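Accompanying notes for the structure given below.
Coordinate-derived values only; no laboratory data. Fair warning: this is a prediction, and the values are worked out from it, not measured in the lab. Glycine also receives a Cβ, built like all others from the backbone with ideal geometry; neighbour counts cover every protein chain displayed.
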């Protein structure tokens, strides 16, 4: 699938590139990582994974905003995953987008279906992946403000 196909199928839409919104989304992602760590410390492993996923989602949206795209109202979370699989380099996108999509599915189960399905080790791994992912996205955006790095 290409960006043009995502646009034609109304999964994403074009918008004016917005560096400020992108940087705010990266800040949100970093805040969510800290929240996920606090949740592990309080043995809330399910919610830690869910918040880690939210950090990945915020970072993915940051890249979209920086490049002048948004998920459509019908695209939602999956729109971000599809966008990232196209825009990120092959070696990054294969592994990290697969991880993000797996966390998206597990988050759905946590929020809507099941309880206590995440172990401490899994929640810690989710944070580790999320930190790596947010760092990759932040580097891709090439932030100009050293305080935001």
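Stretch residue 41-residue 98 to full length: gain in nm at 0.36 nm per residue minus the Cα-Cα span? Could you put the intermediate results ahead of the total?
Details: separation 57, 0.36 × 57 = 20.52 nm, distance 2.66 nm.
Extra length from residue 41 to residue 98 when fully extended: 17.9 nm.
How big is the Rg/Rh ratio for the chain, C-alpha atoms only, Rh by Kirkwood, two decimals? Don't jump to the answer; show the numbers that get you there.
Numbers: Rg = 15.0 Å, Rh = 15.4 Å.
Ratio value, two decimals: 0.97.
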Ranked 98, 103, criterion: other C-beta atoms within 10 Å, fewest first: 98, 103
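Could you work out the helix-only [θ] at 222 nm for the chain, with each DSSP H run of four or more residues adding -39,500 (n - 2.57) and the total divided by the number of residues, to the nearest 500 deg cm²/dmol?
Details: 6 runs with 101 residues, N = 149.
Computed mean residue ellipticity for the chain: -22500 deg cm²/dmol.
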Whether region 15-76 is rounded, prolate or oblate, judged on the alpha carbon gyration tensor where a/c under 1.5 counts as rounded: oblate
In nm, spacing of pseudo-spin labels at residue 16 and residue 125 (7 Å Cα→C-beta vector): 4.4
Cβ crowding within 10 Å averaged over residues, with 9-15, 66-72 ranked highest first: 66-72, 9-15
Helix 98-112 vs. the chain, principal-axis angle (Cα, 0 to 90°, nearest 10): 60
Nearest 10 degrees, 0 to 90: helix 45-67 Cα axis against the chain principal axis: 10
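Using Cβ contacts closer than 10 Å as the measure, can you line up 108, 77 from fewest to most?
Values: 108 14, 77 20.
The order, fewest Cβ neighbours first, is 108, 77.
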Calculated FRET efficiency for the pair residue 72/residue 111, C-beta based, R₀ 25 Å, to 0.05: 0.70
Acute angle (nearest 10 degrees) that the helix 120-141 long axis makes with the longest principal axis of the chain, alpha-carbon atoms: 20
